[in-house]
Structure formats: C-alpha cells, structure tokens
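First comes the structure, then the notes that go with it.
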Amino acid sequence: MGGHLIVLLLLGILPVLLWTNGETAAGRWVGFGLTLLVMSTIPLWGYLFAHTKRWALLTFGIFLLGTGAALTKAYLLTPATPDDQGAFREHYGDDSHYHRRSLARLVPEIDQLALGTYLFGIIDPFMHPAQARSARTIVSETYRELRKDPDFARASSALGMAYDDLFLAQRSSYHFYEYRPEKEGDSVLIFLHGSLGNFKGYLWALKEAADALGMTILAPTYGMGNWQNDPTCERVGQMIAHCQQNASLQGKHFLLGGISNGGRGCLRALHAHPDTFEGLVLISPVIEDHLLTPTAPALNLPVLILHGGKDRRIPANAIEQSAHRWARLGAPIDIHWWDNDDHFAMFRRRHHLKEVIAPWIATITSKLPGSRP
C-alpha cells in the first residue's frame, strides 16, 4: 500500500496542478478528471482486503463516472475541427490528423506549457526554479493575449506531435501553421520552431511585425524540433511548394527564421535550398559552426540575430563567436541584444519584436527586384 500511495502521489502531482492552477476551463476539467482517475484505485484496496467489497466497487465506479464526465466536459470545450480559412490557419497532411479526443487537444496549449515549466524547473539544468516561475508568468501572459483573438483561440495545439516524437520516435510529415495578415505585402517568412514543439505563441509574438509588413508566416511542425534529423530540410521544401501552389503567395520574397533549435534547421535549409531566401532572422538560436563553410554561398545573406544577454542555454559569448565566424563568409550580420533577458526573450519581448524585425526586413526587401515601394 505504501508503494501504491507513492505511485499515486507521483502520478497525481500534474493533474492536481492542472486542476487547481489551470488557466482554462478545459484544462481544469481534464485535471479534475485525471485526479479522480488516479484516486479511483484507492477503493480497490477495500475490495481486496476488507469486507466492504460492494461499497468499494461502487466508489470505484463513481470515480470512473466522474472521470468520464469531466473529460467529456473538456471535450465539448475543444474546437470541433481545425480552421484552415481564418487569418491564423493550420494545415494537416495525410499522416497528421486532428485528434480531438487526445489529451494534447483536450488540454489547451497554455496549460500544457505552464505544467512544463513546473517540470523543467526541476529536471532542466539550464532552468532554476526562479527562472521557471518567471517563464510560467510570461508564457501565461502571452497566451492570455492570444486567447482573445478568435482565430488563434480556435486553433489546436501541435504539441501532441512533439510527444509522439519524444516517446514514440514518430514524426508526422506534414503539418504547419499559417498566418495571413489582413493587408498582404510581398514577403513570406518560413519560421522554424525550437525544441519541445511548434508553439502557437511563436506566431503570436511575430504577429505585430507580420501585420506591419503584410508578411505571411508559415511555421512547419517537426516533432520535438530536432531539425538535425532532417538534413535535407524537407519541411522547408514543403513550405516553398505550398507557396508555389498558391497564387496569392507566388512571386514573393522568401525569408527564413527560427528560434532556439530552429537555428539548426535554418542553416541546413540554406544549404538544401540555395538561391531561395533573401534574409535570415534568428532568435535565441543554436548556431552550428561546422555548417558555416565557405562552400555554401547562401550563407552570405543578411542575418539578424536577437538574443538575451542572460541566456544560460545558449551563452552570449557563443553567439558572438559564431557571428564573427559567419561574418567572415561575407554575411552582413546585425545582432540585437536584450541584456537582461534569458532564453524566453521572444515571449518577454514580443511587443518589441516589431520595432526590430519589421524595419530590418523592410530595408533588405526594399532593395530587391520586384519589391513594392
């Protein structure tokens, strides 16, 4: 019984946190339901060792009914189908489907990320508990804003695909988010997510810059974000093909961007798709120096790097060294430092991204053939 109680305690921590601290009604219902499910095993001890077997089975059944009712309530609060027509759209391929009943759909992304900060505050050597609390606060603020926009609020989460990659080593080959501003300009940004998955919050943080430029954003999903496992950058190729197949996106200037581990994908994409991109925007990026070679002419593109001076995961001096090496290949590199920010600078500085990214992109695209005045 002692071992059973220890297991229940370990299994019940996250559901209880979700139930008591969840940001959304759906998340709280799932937390409550899973808490009841964990507790439902306790009456079974009465069935095995006491003379109250009838009451034990009745209690067990009540717990299970409560679990089913709570999860059904959460299910009714989730979007019935993905939206591929609004300003913020999501696209699925043949092997990636919208599974409304999965926990990754039932629990909204804001609650999944908040729970993640509790966990990573314990197990992640680059995130101490105080930093985890700060990250939880800024992520929650970002997603509260996001949930006020109907298009973003209706969209489902791609984090289930990250879990499939993490636990099953399975990656769906075709899923991406697309943001179309109301007034469309002449540029498209293909943005590669970092480790732990394709967050809707990334596109929300970039939304103001996209609106200012009339820039479409395409954000492909690649499981956990281990882009080094996609050496030919097939996902980026799919985004290019998507633009070529859509009349409203044809003939535009392609820009490439990425955050954190998405930097690995960006460098591989420059090698795999030369003469495609006009500029590169990297936020808190992983930069692999062995990919910065003189034989890759695409690496002489204009590069904008945004980075936090207190980033423990990717130290500032590593960014400076890589940028210096890159500049020797002929790339004009601009680095924008947020001295007091860490690896979550993109969320914390989401309202400042427009001030940095929009004029930089406007400057480089205005010099290109076919640009609008």
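Taking the options Thr81, Thr41, Thr72, Thr24, name whichever one is β-branched (Val, Ile, Thr) and surrounded by 17 or more Cβ atoms within 10 Å (Cβ to Cβ). Can you show your working first?
Details: Thr81 fails: surrounded by 17 or more Cβ atoms within 10 Å (Cβ to Cβ); Thr41 fails: surrounded by 17 or more Cβ atoms within 10 Å (Cβ to Cβ); Thr72 fails: surrounded by 17 or more Cβ atoms within 10 Å (Cβ to Cβ).
After applying the criteria, what remains is Thr24.
What residue, among those in the range 135-147 that are touching a residue at least 12 places away in the same chain (Cβ under 8 Å) and among the polar types (S, T, N, Q), is surrounded by the most Cβ atoms within 10 Å (Cβ to Cβ)?
Thr142
For Gly223, state whether it is in the same structural domain as Asp94 (by TED's automatic domain parsing), within 23 Å of Pro79 (Cβ to Cβ) and buried (at least 18 other Cβ atoms within 10 Å of the Cβ).
On the way: in the same structural domain as Asp94 (by TED's automatic domain parsing): yes; within 23 Å of Pro79 (Cβ to Cβ): yes; buried (at least 18 other Cβ atoms within 10 Å of the Cβ): yes.
Against the criterion (in the same structural domain as Asp94 (by TED's automatic domain parsing), within 23 Å of Pro79 (Cβ to Cβ) and buried (at least 18 other Cβ atoms within 10 Å of the Cβ)), Gly223 qualifies.
Between residues in the range 123-134 that are under 13 Å from Lys310 (Cα atoms) and residues that are part of a loop (DSSP other than H, G, I, E, B), which pairs lie under 6 Å by C-beta distance while being six or more apart or on different chains?
Listed pairs, sorted by first residue: Phe126/Arg312; Phe126/Arg313.
Matching residues to (1) at pLDDT below 95; (2) within 13 Å of the chain's Cα centre (by Cα):
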residue	(1), (2)
Leu166	yes, no
Ser172	yes, no
Ser187	no, no
Gly194	no, yes
Ala205	no, yes
Gly214	no, no
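Which one of Ile319, Ile335 is within 19 Å of Leu255 (Cβ to Cβ), touching a residue at least 12 places away in the same chain (Cβ under 8 Å) and surrounded by 14 or more Cβ atoms within 10 Å (Cβ to Cβ)?
Sole residue among the options that is within 19 Å of Leu255 (Cβ to Cβ), touching a residue at least 12 places away in the same chain (Cβ under 8 Å) and surrounded by 14 or more Cβ atoms within 10 Å (Cβ to Cβ): Ile335.
Could you identify the single residue in Gly68, Gly31, Gly46 that is at pLDDT below 95 and in a helix (DSSP H, G or I)? Walk me through how you get there before you give the answer.
Working: Gly68 fails: at pLDDT below 95; Gly31 fails: at pLDDT below 95.
Of the residues listed, the single one that is at pLDDT below 95 and in a helix (DSSP H, G or I) is Gly46.
Testing Asp230 on (1) within 20 Å of the chain's Cα centre (by Cα); (2) closer than 18 Å to Gly279 by Cα, one condition comes back false. Which one is that?
(2)
Within the set of pairs 6+ apart or on separate chains, which have a first residue in the range 294-314 that is not assigned by TED's automatic domain parsing to the domain that holds Gly257, a second that is in a strand (DSSP E or B), and C-beta atoms under 8 Å apart?
none
Is one or more of the residues making up the range 295-307 under 30 Å from Gln131 (Cβ atoms) and outside any strand (DSSP E or B)?
Looking for residues that are under 30 Å from Gln131 (Cβ atoms) and outside any strand (DSSP E or B), one finds none in the range 295-307, hence no.
Just for the range 174-185: of the residues that are surrounded by 23 or more Cβ atoms within 10 Å (Cβ to Cβ) and not hydroxyl-bearing (Ser, Thr, Tyr), which one is modelled with the highest pLDDT?
To start, the set of residues in the range 174-185 that are surrounded by 23 or more Cβ atoms within 10 Å (Cβ to Cβ) comprises 175-177, 179.
Now narrow it down to the ones that are not hydroxyl-bearing (Ser, Thr, Tyr): 175-176.
Numbers: His175: 92, Phe176: 95.
The selected residue is Phe176.
Given the conditions (1) farther than 30 Å from Thr276 by Cα; (2) part of a loop (DSSP other than H, G, I, E, B); (3) in contact (Cβ under 8 Å) with a residue 60 or more places away in the chain, report the number of the one that Leu115 does not fulfil.
That leaves (2) as the condition not met.
In the range 283-294, which residue that is in a loop (DSSP other than H, G, I, E, B) and more than 22 Å from the chain's Cα centre (by Cα) is modelled with the lowest pLDDT?
Quick first cut of the range 283-294, residues in a loop (DSSP other than H, G, I, E, B) only: 284-288, 292-294.
Among the residues that remain, those that are also more than 22 Å from the chain's Cα centre (by Cα) are: 292-294.
Numbers: Leu292: 92, Thr293: 87, Pro294: 84.
Checked the range 283-294; the qualifying residue modelled with the lowest pLDDT is Pro294.
Given the options Asp339, Asp275, name the one that is in the same structural domain as Asp211 (by TED's automatic domain parsing), under 15 Å from Leu256 (Cβ atoms) and of a type in the set (D, E, K, R). Before you say what the answer is, go through the steps one by one.
Working: Asp339 fails: under 15 Å from Leu256 (Cβ atoms).
Within the list Asp339, Asp275, the selection yields Asp275.
Mind listing just one residue for me: the one in the range 247-269 that is among the aliphatic types (A, V, I, L, M) and surrounded by fewer than 24 Cβ atoms within 10 Å (Cβ to Cβ) and, of those, farthest from Tyr222 (Cα to Cα)? Explain how you work it out, then say what you get.
First, pick out the residues of the range 247-269 that are among the aliphatic types (A, V, I, L, M): 247, 249, 255-256, 259, 267, 269.
If we keep only those that are surrounded by fewer than 24 Cβ atoms within 10 Å (Cβ to Cβ) as well, we get 247, 249.
Numbers: Ala247: 26, Leu249: 22 Å.
Among them, the one singled out is Ala247.
Considering each of Leu196, Leu203, Leu280 in turn, give the residue that is touching a residue at least 24 places away in the same chain (Cβ under 8 Å) and either part of a strand (DSSP E or B) or of a type in the set (D, E, K, R) (or both). Reasoning before the result, please.
Details: Leu196 fails: either part of a strand (DSSP E or B) or of a type in the set (D, E, K, R) (or both); Leu203 fails: either part of a strand (DSSP E or B) or of a type in the set (D, E, K, R) (or both).
Sole residue among the options that is touching a residue at least 24 places away in the same chain (Cβ under 8 Å) and either part of a strand (DSSP E or B) or of a type in the set (D, E, K, R) (or both): Leu280.
The values are calculated or read from the model by the stated rules, or taken from the named source; none is laboratory data. The shown structure was predicted, so the numbers you read here are calculated from the model rather than taken from an experiment. Backbone-built Cβ (ideal geometry, glycine too); neighbour counts: all protein chains shown.
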